[in-house]
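J.: Just passing along the structure, written as structure tokens.
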Amino acid sequence: FDTQVRKISYDSKNGKITLATNLGDMTCDYAVVTVPLGCLKQKALEFEPELPARKQLAIDRLGAGT
């Protein structure tokens, strides 16, 4: 709670996920990401590796707001 995630990194070698936050790094086995569409469109959250092109294209094409 009250933690800002800036980057989500996935290490395919060990299957671990690292979250870079304002409180330091956290490592976990699984992560459920629920980010507002506007944040995804502005790329306010960094993904490593980057999201696949087809997913980024879908995000870019979705409309938001009024």
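The values are calculated or read from the model by the stated rules, or taken from the named source; none is laboratory data. Computed from a predicted model, the values in this text were never measured in an experiment. Backbone-built Cβ (ideal geometry, glycine too); neighbour counts: all protein chains shown. Side chains are part of the model used for accessible areas, which takes the heavy atoms of the whole protein and leaves out ligands, DNA and RNA. Shrake-Rupley method; radii C 1.70, N 1.55, O 1.52, S 1.80 Å.
J.: Would segment 35-56 turn up any residue that is of a type in the set (Val, Ile, Thr), at negative phi, exposed (fewer than 11 other Cβ atoms within 10 Å of the Cβ) and part of a loop (DSSP other than H, G, I, E, B)?
T.: no
J.: Working only within segment 57-66, note down all residues that are outside any loop (DSSP other than H, G, I, E, B) and either open to solvent by less than 60 Å² (accessible area, probe 1.4 Å) or in contact (Cβ under 8 Å) with a residue 12 or more places away in the chain (or both).
T.: Result: Ala58, Ile59, Asp60.
J.: Determine the pairs where a residue that is of a type in the set (D, E, K, R), located within segment 17-46, has a partner that is part of a helix (DSSP H, G or I) and surrounded by 12 or more Cβ atoms within 10 Å (Cβ to Cβ) with Cβ atoms under 7 Å apart, the partner being 6 or more residues away or on another chain.
T.: Taking only residues 6 or more apart or on different chains, the pairs are Lys41/Ile59.
J.: Looking only at residues that are open to solvent by less than 50 Å² (accessible area, probe 1.4 Å) and assigned to a strand (DSSP E or B) in segment 2-17, which one is nearest to Val35 (Cα to Cα)?
T.: Only one residue fits best here, namely Ile8.
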